[in-house]
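Heads up: the structure comes next, in structure tokens.
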Amino acid sequence: MHTKVYRLAEMQPEQVEHAFCDCASIIKAGGLVAFPTETVYGLGALATSSSAVQAIFRAKGRPQDNPLIVHIQNEEQLRKIARRVPESAAKLAKEFWPGPLTLVLETGHAVAEEVSAGLDTVGVRMPAHPVALELIRRSGPLAAPSANTSGRPSPTCAEHVLEDLDGKIHAVLDAGPTGVGLESTVLDLCCEPPAILRPGGVSYEAIRQILPDVLVSPSCEQERPRSPGQKYTHYAPKARLVLVSAKEHAALAHLVGEQTAALLGEVGRVGILATRENAPIYEAVFAQQLREGRLMVLVSGSRAAPAEIAASLFDRLRQFDAQAVDAVVAEGVSEVNIGRAIMDRLRRAASKVVTPRFHVLFLCTGNTCRSPMAEALFREIARERRIEDRIEFSSAGIAAVPGMAAAEHAIQAVGEELRSHASRELTKDVVSGADLILTMTEAHKRYVTERYPHAAHKVHTLPEYVEDAAGDVEDPFGGTLETYEKTREQIQRMAELFFERFLKERRT
Ligand code: TXA
Ligand code: MG
């Protein structure tokens, strides 16, 4: 089959008229036409024709049990497609249509059975793109999934459609890149309370203004999701994708760097999907690998403008594929508004999600004896138990002289690893970077809670935290090797208790 491409931007008005005429005829004859919407390109067929709808499933290689969205152009069509239009649907339509919101309603009789894929509901939306609306006006309601091969990222321009479907569909109406870049929000109005089955172009926060009891369905994690599309691997580039998610920007950049370094040791070519703010950091850290062509950094958009990230996401994933990258490390975004949809797509594309490790800070006075000993001993046990990717340790002193080595006896008692220790002062940043602060004495604990009251909830003495006991870890400072060995034994015993508790509480 030859796929005809109509590049609307290059056409005179009468040629545009011809293009629409051709495409409407193709659709009416049961053919498939890809067309732009404000979200992504759709692959349209007549919603009333079983054979045309079946052809969509074949062209995409789409699983038979995944229903299609019907695209309409006016409210009258809605009343034919849905058996009933509840008041909530009318309100939402008034607020968000035309636009990126799909309403799941009880199905009427006007659409082919295959559209609903065996369900008694139908997804309906009125797209906000003049080309889509004009095509529907001429041909009638269109059943249209995203115009990609099943499992691939959705197409945000005509080139993406052709990458996947050239020769498998009759025509593409090319009107340039789409605006939103992620698919519509799918909202189920057939359940109580109504549930968002797929986050998308209209945010949960906006829908909540109209439907205060709306939920975001956890269906992604369920075994039998209510929106069949949610159970399939989606949006996946060919490369393995590692998603890094962290609230703090510094932690995010650090983890992306760590993951990238690890992957560069394993595979040939690595890609980073970075925000504009962080891209220069990665380019500096991995300058050599960039020069050698082993690393590719693509900017998704500004951290301050998540809409920009949404618009570019699928294109960037396809670019990594085109460059034959073996693995991609992607920066996550904050999960509000369009950020929910971005994170949903990234999670579905990811084979692994990395979050910051739980950070335990040990605190003593000079940061040359007890706290560095605890740091080394705890780290050793984490390594033995193979949980170094979930927890990390550091130490500091409330009266530390920065850069001091650990006491010689401490090194002898604990091991050569302590030889590279350099003492560190307790500062505001050190406090805020820790998830848990374990002090050697009651006095250290008091010091922290008085100076940093906002951190008081995460400060405990080590004996209090692990065995609910009062008292301090004895200070071996100035003592013999034997004194230090006693301290080591005390800390080691507490470490065993600590890990038992940690593993029990964080059994994820
Ligand atoms: O923005 C969009 O929604 C794009 C453009 C082309 O309109 N379309 C799109 O279609 O993304 P598709 O088929 O790729 O994704 C439709 C999603 C699937 O996850 C499907 O399972 C769900 O909507 N869906 C469709 N009808 C449904 C129904 N009756 N009940 C539950 N989920 C439904
Ligand atoms: Mg799709």
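Coordinate-derived values only; no laboratory data. Everything numeric here is computed off the predicted structure, so don't read it as measured data. Methodologically, a virtual Cβ is constructed for each residue, glycine included, from the backbone with ideal geometry; neighbour enumeration extends over all protein chains shown.
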Sequence-separation-based contact order of the range 358-507, relative, with Cα cut under 8 Å and 6+ spacing, percent: 26 percent
Cα centroid separation, the range 99-116 to the range 271-324 (Å): 38 Å
statement: Non-local residues with an amide H under 5 Å from the amide H of Ser300, with H modelled 1.01 Å from N and Pro and chain starts lacking one, are Ala274, Thr275, Arg276
message: Check which residues have an amide H placed less than 5 Å from Val172's amide H, if you skip close sequence neighbours.
response: Lys4, Val5, Tyr6, Ala34
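Quickly rank 241-254, 115-128 as a protection proxy: mean count of other C-beta atoms within 10 Å, highest first.
Packing order, densest peptide first, comes out as 115-128, 241-254.
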- line: The Kirkwood hydrodynamic radius of the chain, taken as the inverse of the mean 1/r over all distinct Cα pairs, in Å, comes to 26.0 Å
Whether the range 1-151 is rounded, prolate or oblate, judged on the alpha carbon gyration tensor where a/c under 1.5 counts as rounded: oblate
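List the trypsin sites (Lys or Arg not before Pro) in the range 359-446 that DSSP assigns to loop (not H, G, I, E or B) and whose Cβ has at most 11 other Cβ atoms within 10 Å. Which are they?
The qualifying sites are Arg386.
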field: HN-Hα J in Hz across the range 155-166 - Karplus 6.51, -1.76, 1.60, θ = phi - 60°, x for Gly and Pro
entry: x, 10, 8, 5, 4, 4, 4, 5, 3, 8, 10, 4
message: Can you say what percent of the DSSP beta bridges in the chain, counting only those with both residues inside, are antiparallel? Round to 5.
response: 25 percent
- line: Karplus-derived 3J(HN,Hα) from phi for the range 463-472 (6.51 cos²θ - 1.76 cosθ + 1.60, θ = phi - 60°), whole Hz, x at Gly and Pro, runs x, 5, 5, 8, 9, 6, 10, 6, x, 10
message: If amide hydrogens are placed 1.01 Å from N in the peptide plane, which non-local residues have theirs closer than 5 Å to the one on Val202?
response: Thr185
message: Take the residue pairs Lys28/Lys91; Lys458/Lys504; Lys28/Lys80; Lys4/Lys91; Lys352/Lys504; Lys458/Lys486 and return only those whose Cα atoms are more than 30 Å apart.
response: Lys28/Lys91; Lys4/Lys91
query: How far, in nm, would the chain grow between Lys504 and His18 when pulled straight, counting 0.36 nm per residue and subtracting the alpha carbon separation?
result: 168.2 nm
task: Using the Kirkwood radius over Cα pairs, work out the Stokes-Einstein diffusion coefficient for the range 240-354 at 10 °C and 1.306 mPa s, in µm²/s as a whole number.
output: 115 µm²/s
- prompt: So for the pair Asp120, Ala456, with labels modelled 7 Å out along Cα→Cβ, what separation do we get in nm?
  reply: 5.8 nm
- line: Simple spin-label estimate for Ser50/Arg208, 7 Å along Cα→Cβ, in nm, reads 4.5 nm
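Which whole-number percent is the relative contact order of the chain (Cα, under 8 Å, 6+ apart)?
For the chain, the relative contact order is 12 percent.
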query: Once the piece of chain linking Gln288 and Asp65 is laid out straight, how much longer is it, given 0.36 nm per residue of separation minus the C-alpha distance between them?
result: 75.5 nm
message: How tilted is helix 13-28 with respect to the longest principal axis of the chain? Cα atoms for both, answer in degrees (0 to 90, nearest 10).
response: 90 degrees
- prompt: Roughly speaking, what is the centre-to-centre gap between the range 15-42 and the range 426-461 when only Cα atoms are used, to the nearest Å?
  reply: 64 Å
statement: Most packed first (mean Cβ within 10 Å per residue), the peptides 14-24, 486-496, 65-75 order as 65-75, 486-496, 14-24
query: Which peptide among 304-310, 44-50 comes first, and what is the full order, when sorted by highest mean count of other Cβ atoms within 10 Å?
result: 44-50, 304-310
- prompt: How far, in degrees from 0 to 90, does helix 481-505 lean away from the longest principal axis of the Cα atoms of the chain, to the nearest 10?
  reply: 20 degrees
- prompt: Helix 370-384 versus the longest principal axis of the chain: what angle, 0 to 90°, nearest 10, using Cα atoms?
  reply: 50 degrees
Alpha-carbon radius of gyration plus Dmax, which is the widest Cα pair, for the range 358-507 in Å: 14.1, 41
query: For the range 83-98, what does the Karplus curve 6.51 cos²θ - 1.76 cosθ + 1.60, with θ = phi - 60°, yield as ³J(HN,Hα) per residue in whole Hz, taken in order and with x for Gly and Pro?
result: 5, 9, 10, x, 4, 4, 5, 4, 5, 5, 4, 4, 6, 10, 9, x
field: Two-site label geometry, Ala305 and His249: point separation in nm, points 7 Å out along Cα→Cβ
entry: 1.6 nm
- prompt: To the nearest Å, what is the center-to-center distance of the range 160-186 and the range 335-391, using C-alpha atoms only?
  reply: 40 Å
